[in-house]
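The values are calculated or read from the model by the stated rules, or taken from the named source; none is laboratory data. No experiment lies behind these values; they were computed from the predicted model shown. Heads up, the Cβs are rebuilt from the backbone with ideal geometry, glycines too, and the neighbour counts pull from every protein chain shown.
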Amino acid sequence: MNQNINISAIRGSFIDFVADPFYYPELETIRYIHDGLMIISGGIIQELGSYDKLKPKYPEIPITSYPGMLILPGFIDIHIHYPQTEIIASSSKQLLEWLDKYTFPVEGKFKDKTYAQQIASFFLDQLLKNGTTSALVLTTVYPQSVDALFEAAEL
């Protein structure tokens with residue numbers, strides 16, 4: 001019996017990546033576990049494998065089940081502009097026209113820290129809602145916009 005009260009488990013179908021597809025055939029880089037168990041301790045994944053093999057090893061751990069759901073690692077966005085949240089899907093024929101018409105006016109609003117905080121909170125909620133757990137986020141030239149983003153991320 002495990003005495004660690006910080007340990008828990010998630011049961012469901014899992015996909016994860018076990019090798020680099022640049023060096024191995026694509027089908028060898030992805031692992032699919034139809035009925036899996038993920039063991040978590042202190043917020044860190046300790047083990048991931050089939051439910052049948054891991055459950056006997058952890059007989060008294062509380063399990064949260066997600067039947068019919070597919071569980072996979074968080075997404076990473078390597079280029080995203082948080083100040084452009086409000087203008088997603090706005091369009092123009094040319095880049096400079098789009099920058100002048102939409103981007104620069106909206107980014108100017110980030111001088112106001114209250115506005116920047118509202119957008120930062122919404123922006124981060126949307127990232128997580130869509131499975132993005134890591135991102136390289138571009139801000140504005142206004143220091144308060146950067147502060148607002150970092151403060152919202154700490155919450």
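Which condition breaks for Tyr32 when tested against (1) of a type in the set (Ser, Thr, Tyr); (2) in the same structural domain as Leu149 (by TED's automatic domain parsing); (3) farther than 29 Å from Ala153 by Cα?
Going through the list (1) of a type in the set (Ser, Thr, Tyr); (2) in the same structural domain as Leu149 (by TED's automatic domain parsing); (3) farther than 29 Å from Ala153 by Cα, Tyr32 breaks only (2).
As an exercise: evaluate Gly43 against (1) assigned by TED's automatic domain parsing to the domain that holds Lys129; (2) closer than 30 Å to Gln118 by Cβ and give the number of the one condition it does not meet.
Exception for Gly43: condition (1).
Would you check if Asp52 is of a type in the set (D, E, K, R), loosely packed, with under 14 Cβ neighbours inside 10 Å and assigned to a helix (DSSP H, G or I)?
yes
Let me spell it out: the conditions are (1) of a type in the set (D, E, K, R); (2) assigned by TED's automatic domain parsing to the domain that holds Arg31; (3) within 22 Å of the chain's Cα centre (by Cα), and Glu86 meets all of them except one. Which number is the exception?
The single condition Glu86 does not satisfy is (2).
Taking segment 78-111, which residues are of a type in the set (A, V, I, L, M, F, W, C) and either touching a residue at least 12 places away in the same chain (Cβ under 8 Å) or in contact with a helix residue (DSSP H, G or I) (Cβ under 6 Å, 6 or more places away or on another chain) (or both)? Outline the logic, then answer.
Of all residues in segment 78-111, those of a type in the set (A, V, I, L, M, F, W, C) come to 78, 80, 87-89, 95-96, 98-99, 104, 106, 110.
Ile78, Ile80, Ile87, Val106, Phe110 - these are the residues of segment 78-111 that are of a type in the set (A, V, I, L, M, F, W, C) and either touching a residue at least 12 places away in the same chain (Cβ under 8 Å) or in contact with a helix residue (DSSP H, G or I) (Cβ under 6 Å, 6 or more places away or on another chain) (or both).
Give me the residue from segment 77-93 that is modelled with pLDDT of 95 or more and surrounded by fewer than 13 Cβ atoms within 10 Å (Cβ to Cβ) and, out of that set, nearest to Gly108 (Cα to Cα).
So, considering only residues that are modelled with pLDDT of 95 or more and surrounded by fewer than 13 Cβ atoms within 10 Å (Cβ to Cβ), the one nearest to Gly108 (Cα to Cα) is His79.
Tell me which residues, restricted to segment 140-152, are part of a helix (DSSP H, G or I) and either surrounded by 14 or more Cβ atoms within 10 Å (Cβ to Cβ) or not assigned by TED's automatic domain parsing to the domain that holds Tyr82 (or both).
Let us first name the residues in segment 140-152 that are part of a helix (DSSP H, G or I), namely 143-152.
Passing the criteria: Gln144, Ser145, Val146, Asp147, Ala148, Leu149, Glu151, Ala152.
Under the condition of being under 19 Å from Gly74 (Cβ atoms) and modelled with pLDDT of 95 or more, which residue from segment 21-36 is surrounded by the most Cβ atoms within 10 Å (Cβ to Cβ)? Walk me through it before giving the result.
Narrowing segment 21-36 to residues under 19 Å from Gly74 (Cβ atoms): 21, 29-33, 36.
Checking which are modelled with pLDDT of 95 or more leaves us with 29-33, 36.
Working: Thr29: 15, Ile30: 13, Arg31: 14, Tyr32: 11, Ile33: 17, Gly36: 23.
Across segment 21-36, the extreme among qualifying residues is Gly36.
Which residue pairs have Cβ atoms under 6 Å apart, sit 6 or more places apart or on different chains, and have a first residue in segment 9-24 that is assigned by TED's automatic domain parsing to the domain that holds Gly68 and free of Cβ contacts under 8 Å to residues at least 40 places away in the same chain and a second that is of a type in the set (Lys, Arg) and in a strand (DSSP E or B)?
What qualifies is Val18/Arg31.
List the helices (runs of 4 or more DSSP H) that sit entirely inside segment 73-139 and contain at least 1 residues that are more than 30 Å from Ile45 (Cα to Cα) and of a type in the set (Asp, Glu).
Per the criteria, 95-98, 104-108.
Which one of these does Leu54 not meet: (1) touching a helix residue (DSSP H, G or I) at 6+ places or on another chain (Cβ under 6 Å); (2) in contact (Cβ under 8 Å) with a residue 12 or more places away in the chain?
Condition not satisfied by Leu54: (1).
What's the number of the condition Ala135 fails, among (1) surrounded by 14 or more Cβ atoms within 10 Å (Cβ to Cβ); (2) of a type in the set (Gly, Ala, Ser); (3) over 30 Å from Ser8 (Cβ atoms)?
The failed condition is (3).
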